[in-house]
Amino acid sequence: MTRLKAEDIAGLEQELAAYDRELRQKTGLTLRQIACTAAGLRERALLEAVPAYTVAVIPVTSGLGIISGFARFVQSIIKHLGFNVFTTVETDVAGLAEAVAKQAGILFLADDYRFIALNLVTRTVSDNAQATGIGFSAALHGMAKDFHATPVLVIGAGPVGSAAIAYLRGLQARIAVCDLDQAKTRPYESMPEIKIERNLAEALPKYKYIIEATPQANIIHHEMLHPEALLAVPGIPMGLTPAAYALHQDRIIHDPLQIGVATMLALAVHPNGKRS
Ligand code: 2YC
């Protein structure tokens, strides 16, 4: 997992409403609708859960420590979805105790390895990588519309990419996967509906729909892309070069945390999902 830096999220709290409008314009769905679609939950069911939960975000100092603004931005995304949320004054174990003392029912916390949402009432965990993979797949589906006729190329079969593949399989999408590490694509060799692409440069121009879920930067150059490419690019760093991003940005969904956190919350509220 690539660790965010404070500058990756600085100022985005104030941009949330504008980002929501951008998502609506590109995908036909709001941030909350993307999260609910991904989690298999009716939006009404999420809103009905608001009075049942107070959410706590707990800063964690382990490893490389606190990322300035991280907890506050996570809190602002959760608030944007309509939930009562606070960030604990205390960190780590004291923060956990404070959250429970203040009646929180769902806890968000991240160290350098995992970013999870814990639902203390249903005793379930939702994970940022899994939520990001399905959230960005749902957003691409909103933008792309015809997944059945046109295959989706998933670049990177790590925790985010493999969650995206599982979600796309659930949609009966046509899927191709590319990863430098053959061990990551081996599980898909026995799946007829999944094509394994061994060479990214050769594969890219063939695909209109792309999910870039690698920790690499600058692996996708403008001239490598299908002219009508639609891309879901979760997290930081972005696989596209700045020039490619600038040229395609009206057909790209990209953010460092928003869709992943919103989908974590929807999954935390209804982990097994109630199909809409
Ligand atoms: O401020 C804090 O509580 C820190 N312990 C947070 C560390 C988050 C580390 N993880 C990441 O930067 C990435 C994010 C995209 C979310 C998942 N991994």
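Every number in this text was worked out from the coordinates using simple rules, so none of it is lab data. For clarity, every value in this text was computed on a predicted model and none was experimentally measured. Glycine also receives a Cβ, built like all others from the backbone with ideal geometry; neighbour counts cover every protein chain displayed.
Could you derive backbone 3J(HN,Hα) for region 203-209 from the dihedral phi with the Karplus parameters 6.51, -1.76 and 1.60 (θ = phi - 60°), listing whole Hz in sequence and x where the residue is Gly or Pro?
Values per residue, Gly and Pro as x: 6, 3, x, 7, 10, 7, 10 Hz.
For a quick size check, give me the Cα extents of the chain along its three principal axes, largest first, whole Å.
55, 38, 37
Just grab the label-to-label distance for Y113 and N199, each label 7 Å out from Cα along the Cβ direction, in nm (one decimal).
3.8 nm
For Y207, enumerate residues with amide H under 5 Å from its amide H, sequence gap 5+ or separate chain, H modeled in the peptide plane.
Correct list: H226.
Using the structure shown, list the pairs from K26/K102; K79/K184; K79/K195; K79/K208; K5/K184 with a Cα-Cα distance above 31 Å, or answer none. Walk me through the numbers before you get to the answer.
Numbers: K26/K102 39 Å; K79/K184 36 Å; K79/K195 40 Å; K79/K208 34 Å; K5/K184 27 Å.
Listed pairs above 31 Å: K26/K102; K79/K184; K79/K195; K79/K208.
Suppose R0 equals 30 Å; then what is the FRET efficiency for A94 and R123 from their Cβ-Cβ distance, rounded to the nearest 0.05? Please report the intermediate quantities before stating the final value.
On the way: r = 22 Å, r/R0 = 0.74.
Once rounded, the FRET efficiency stands at 0.85.
What are the residues whose amide H is under 5 Å from the amide H of T124, where those residues sit 5 or more places off or on another chain and H is modelled from the backbone?
Counting only residues 5 or more places away or on other chains, the set is N119.
From the Cα gyration tensor of region 92-136, with a ≥ b ≥ c the square roots of its eigenvalues, which class applies: rounded if a/c is under 1.5, or else prolate if a/b is larger than b/c, or else oblate? Mind showing how you got there, number by number?
Numbers: a/c = 3.14, a/b = 1.65, b/c = 1.90.
Oblate, since a/c reaches 1.5 and b/c is not below a/b.
Over the Cα atoms of region 17-99, what is the Rg over Rh ratio if Rh follows Kirkwood?
Radius of gyration relative to Kirkwood radius: 1.04.
So if we plug the beta-carbon distance of R72 and A52 into 1/(1 + (r/R0)^6) with R0 = 25 Å, what FRET efficiency do we get, rounded to 0.05?
Values: r = 24 Å, r/R0 = 0.96.
The calculated FRET efficiency here is 0.55.
Starting from a Cα-only point model with no solvent, please compute log10 I(q)/I(0) by Debye for region 157-229 at q = 0.26 1/Å.
-1.45
Given the chain, what percent of its DSSP beta bridges are antiparallel, to the nearest 5?
Details: 9 of 36 bridges.
Close to 25 percent.
How fast does region 1-45 diffuse by Stokes-Einstein, in µm²/s, taking the Kirkwood radius from C-alpha pairs at 25 °C and 0.890 mPa s? Could you put the intermediate results ahead of the total?
On the way: Rh = 12.2 Å.
Translational diffusion coefficient: 202 µm²/s.
How long are the semi-axes of the ellipsoid equivalent to region 103-167, from square roots of 5 times the Cα gyration tensor eigenvalues, in whole Å, largest first? All intermediate terms of the calculation are to be shown ahead of the outcome.
On the way: eigenvalues 163, 38, 14 Å².
The three semi-axes for region 103-167 are 29, 14, 8 Å.
Find, among the trypsin sites (Lys or Arg not before Pro) in region 219-276, those assigned to loop by DSSP (not H, G, I, E, B) with at most 10 other beta-carbon atoms within 10 angstrom.
On the way: sites: R251, K274, R275; in loops: K274, R275.
In loop regions of region 219-276 (DSSP not H, G, I, E or B), the sparsely surrounded trypsin sites (Lys or Arg not before Pro) are R275.
Under 18 Å from the Cα of K145, which aspartates and glutamates turn up, not counting those fewer than eight places away in the same chain?
E22, E228, D250
Counting other beta carbons within 10 Å of each Cβ, put S126, S68, S137 in order, fewest first. Working shown, then result.
Details: S126 23, S68 13, S137 33.
In increasing order of surrounding Cβ atoms, one gets S68, S126, S137.
Mind listing which trypsin sites (Lys or Arg not before Pro) in region 178-220 are in a DSSP loop and have 15 or fewer other Cβ atoms within 10 Å?
Working: sites: K184, K195, R198, K206, K208; in loops: R198, K208.
Those satisfying the criteria are R198.
Can you list residues from other chains, or at least 5 along the same chain, whose modelled amide H is less than 5 Å from the amide H of K195?
I175, A176, V177
What does the C-alpha gyration tensor say about the overall shape of region 165-276? Classify as rounded when a/c is under 1.5, otherwise prolate if a/b is larger than b/c, or oblate.
It is oblate, given that a/c is not under 1.5 and a/b is not larger than b/c.
Under 19 Å from a point 7 Å along the Cα-to-Cβ line of R251: which residues of region 107-143 have their amide N that close?
137-143
Which translational diffusion coefficient, to the nearest whole µm²/s, is obtained for region 25-71 from the Stokes-Einstein equation, given a Kirkwood hydrodynamic radius over C-alpha pairs, 10 °C and 1.306 mPa s? Don't skip to the answer; put the middle values down first.
Details: Rh = 13.5 Å.
Result for D is 118 µm²/s.
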